[in-house]
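Engineer: Here's a structure for you.
All of the numbers you see were taken from the coordinates with simple rules; none came from a lab. None of the values given here were measured: they were computed from a predicted structure. Note: ideal-geometry Cβ built from the backbone for every residue, glycine included; neighbour counts use all protein chains shown.
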Amino acid sequence: MKKLFIILFYLTNIIWTTTGQPYKSLFGSAQTSWNVAFHIMPDWTLTDSLVVCNDTMINGHIYKYVKDYGTSGFDGYLREDTMTGKAWYLDNSWLKNEFLIMDLSLNVGDTFIIHQESFPEDSIAIVDSIKYVGGNKVIFLSKCGYGILLGSECLSFIEGIGPNAGIIFQLYQSSNYFAEGSLLLCSHKDNVQVYSNSSPYFYGKCYVHYGGIKENPAAYLKLSIYPNPSGDKIHIEYNGPRPYTIQIYDYSGKCISSKTDINSSPFDFDMIEYPHGIYLLKVKGNDGKYATGKFLKL
């Protein structure tokens, strides 16, 4: 009996060592969202807000339904395997394909396929290095800059967050022939921001909507809305001339609230009495010029 116990003990240790600890999940317990910036010709940079809505079963796998409250209108499902650190995005609206978007089991020198149908010779990324940042494993790959990510960023997979190009980058590269890349701006779990971009193009902003980024990116960063998606309160940061006016519209175009003669920034706006949905925001400085944005209330 003692020998049997020793054998079982060693077998348990072998199994534990072989399988290892699971990676952190991409999903929060109640709420998960990603804000992704993408650049399309001739010179527009826009933001998609991708929000996890509910679970569903497809082909024997449990997926999270992901709704895109943005310009692209992507619609699909996301699943993960926390034991291998792999994640897949199943498109439901454009190409109807499933793409592997992240793999934390890769080693230095391993390859990863990026599905660029327009430039198939550029479809191989190689793992350059592996590091731990803030307790999370990060896989750094060889693909950088134009065609994959905005600016000079290089593709990476971040434990508990996802690809730094955003969870739809494989679909985005495959379907958009006029794309110059995408970049994860922010990620939220359970209404807490867990990731912020460090790109010099966006300075940690969670939402961008402007043209001419290559010419003078700082000129278009007058307005920031966070958190986005939001709860019952949003923070509006406006760096234009003061005093300024804030107007908020529902998605039908009806103005639901207006605040005038504001001299402080950031300005907190209470949304507790308004229903869930997408809202448009317009800020007018005392120079008569407007800045606009969009946010989602969960």
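Engineer: Can you pull out the trypsin sites (Lys or Arg not before Pro) in the stretch 265-298 that DSSP calls coil and that have at most 16 other Cβ atoms within 10 Å?
Structural biologist: Numbers: sites: LYS282, LYS284, LYS289, LYS294, LYS297; in loops: LYS289.
Sparse-neighbourhood loop trypsin sites (Lys or Arg not before Pro): LYS289.
Engineer: I'd like to know how the stretch 222-297 sits against the 2.2 N^0.38 Å rule of thumb: what's its Cα Rg over that expected value? Can you show the working numbers first?
Structural biologist: Details: Rg = 11.5 Å, N = 76, 2.2 N^0.38 = 11.4 Å.
In units of the globular-protein estimate, the stretch 222-297 measures up at 1.01.
Engineer: Which entries in LYS233/LYS259; LYS189/LYS233; LYS205/LYS289; LYS24/LYS131 show an alpha-carbon gap greater than 19 Å? Write down the numbers at each step before the final one.
Structural biologist: On the way: LYS233/LYS259 15 Å; LYS189/LYS233 16 Å; LYS205/LYS289 21 Å; LYS24/LYS131 15 Å.
Violating the 19 Å Cα-Cα cut-off are LYS205/LYS289.
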